[in-house]
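Structure, as structure tokens:
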Amino acid sequence: MAIPYQPSLQQQIQLARIEQILHQPNIPPATLATIYYDRGLLHDSLGLRDLARLDFNKSLDLNPNQPDLFNVAGVIFTQMGMFDSAYESFDSTLDLAPDHPYAHRNRGIALYYGERYELANDDLLPHYQQDINDPYRVIWLYVNDLKFTPEQANSLLQQRYAASDKKDWGWQIVRMYLGEVSEDQFLTEIAEHSKDNEELALRLTEGYFYLAQRYQQQQDYSTAVMLYKLALAGNVYEYVEHRLSLLELNRIFTAEQNAVSVESAAPSA
């Protein structure tokens with residue numbers, strides 16, 4: 001286990017400096033928009049999502065021409081399960097910056113969670129084709145393929161793995177999905193080859209999340225829940241895997257509660 005992330009001294013100093021700046025008179029609107037955006041990013045990196053949203057809203061009121069801000073807001077909306085708001089945010093990002101490097105991926109993930117798998121593929125596939133050596137683009141295509149074209153998902157994953165340069169650490173996740181390494185080997189490799197606690201926390205956040213995805217696909221929800229909780233344990237708030245672990249837990253618990261409600265409402269024989 002990695003030592004969970006803690007607010008750094010630098011982050012705390014940045015927040016204090018921003019507070020001092022905001023008390024100054026006659027700040028130009030464009031500058032003020034940037035300050036609120038920067039503070040929103042800091043709040044988001046510390047897991048203070050509601051404070052981050054307040055800052056982002058203030059920044060947008062002052063300057064609505066901010067594609068990166070819309071992208072971050074869309075990711076937060078996805079985490080909260082507010083998919084229509086997420087789609088609108090990513091659409092705004094792409095209207096302002098058609099070549100934004102992450103908006104298609106993030107919109108594709110939001111569409112996946114909104115169970116709009118064909119539209120998700122329309123975003124995730126071109127995003128993958130822009131960089132076939134990025135393992136996370138391959139992984140999210142595979143996750144969506146398990147819903148969109150389940151009979152082809154494994155063969156497509158194997159083809160995309162074969163076409164890659166296999167250099168990034170994230171390909172180890174793909175190897176685990178393909179059965180080339182066991183779960184124990186996968187976790188041992190993370191523990192033995194992470195150079196420090198920061199890298200260990202980052203890789204475990206990813207590793208536990210994608211392991212949880214596999215168990216969830218197998219309908220082993222108790223193991224998936226445990227792994228999602230472990231993905232949260234490192235406090236790596238900025239990672240999409242941390243954000244989506246919260247979303248997945250909420251979805252599993254909601255489904256369980258609904259199932260219990262249906263059973264309770266069923267007439268007895």
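The values are calculated or read from the model by the stated rules, or taken from the named source; none is laboratory data. Note that the coordinates shown come from a computational prediction; the quantities given were computed from them, not determined experimentally. Counting neighbours? That spans all protein chains shown, and the Cβs are built from the backbone with ideal geometry, glycine included. Protein only, heavy atoms only, side chains kept; ligands, DNA and RNA dropped before computing areas. Shrake-Rupley method; radii C 1.70, N 1.55, O 1.52, S 1.80 Å.
Data overview
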{"quantity": "Lys, Arg +1 and Asp, Glu -1 on Cβ, resulting dipole of the stretch 18-58 about Cα centre, debye, nearest 20", "calculated": "80"}
{"quantity": "Reach of K167 by Cα under 23 Å, taken over lysines that are not fewer than 8 positions away in the same chain", "calculated": "K195"}
{"quantity": "Helix 117-129 axis, angle to the chain major axis (alpha carbon atoms, nearest 10°)", "calculated": "80"}
{"quantity": "Computed helical MRE - 222 nm, the chain, DSSP H runs ≥ 4 contributing -39500 (n - 2.57), nearest 500", "calculated": "-24000 deg cm²/dmol"}
{"quantity": "Accessible area in square angstrom per residue, the chain, 1.4 angstrom probe", "calculated": "52"}
{"quantity": "Burial order of peptide ranges 244-253, 186-195, 140-149 (average beta-carbon count within 10 Å, highest first)", "calculated": "140-149, 244-253, 186-195"}
{"quantity": "In nm, spacing of pseudo-spin labels at L48 and Q20 (7 Å Cα→C-beta vector)", "calculated": "1.7"}
{"quantity": "Within the stretch 1-36, backbone nitrogen closer than 20 Å to the virtual label 7 Å beyond the Cα of N197 toward Cβ", "calculated": "1-13"}
{"quantity": "Neighbour cut-off at most 12 other Cβ (10 Å), DSSP loop, trypsin sites (Lys or Arg not before Pro), the stretch 18-81", "calculated": "none"}
{"quantity": "Net lengthening on full extension, K166/L125 (0.36 nm per residue, minus Cα-Cα)", "calculated": "12.9 nm"}
{"quantity": "The stretch 59-129 versus the stretch 171-244: alpha-carbon centroid distance in Å", "calculated": "24"}
{"quantity": "Stretch gain in nm, segment Q219-Q257, where the contour uses 0.36 nm per residue and the Cα spacing is subtracted", "calculated": "12.1 nm"}
{"quantity": "Within the stretch 79-124, trypsin sites (Lys or Arg not before Pro) in DSSP loop having at most 14 other beta-carbon neighbours inside 10 Å", "calculated": "none"}
{"quantity": "GluC sites (Glu not before Pro) within the stretch 26-126: DSSP coil, no more than 14 neighbouring Cβ in 10 Å", "calculated": "E115"}
{"quantity": "The chain, accessible surface, carbon-and-sulfur percent (1.4 angstrom probe)", "calculated": "51"}
{"quantity": "Inverse mean reciprocal Cα-Cα distance (Kirkwood Rh) of the chain, Å", "calculated": "20.2"}
{"quantity": "Gained length - I3 relative to D184, 0.36 nm times residue gap less alpha-carbon distance", "calculated": "63.1 nm"}
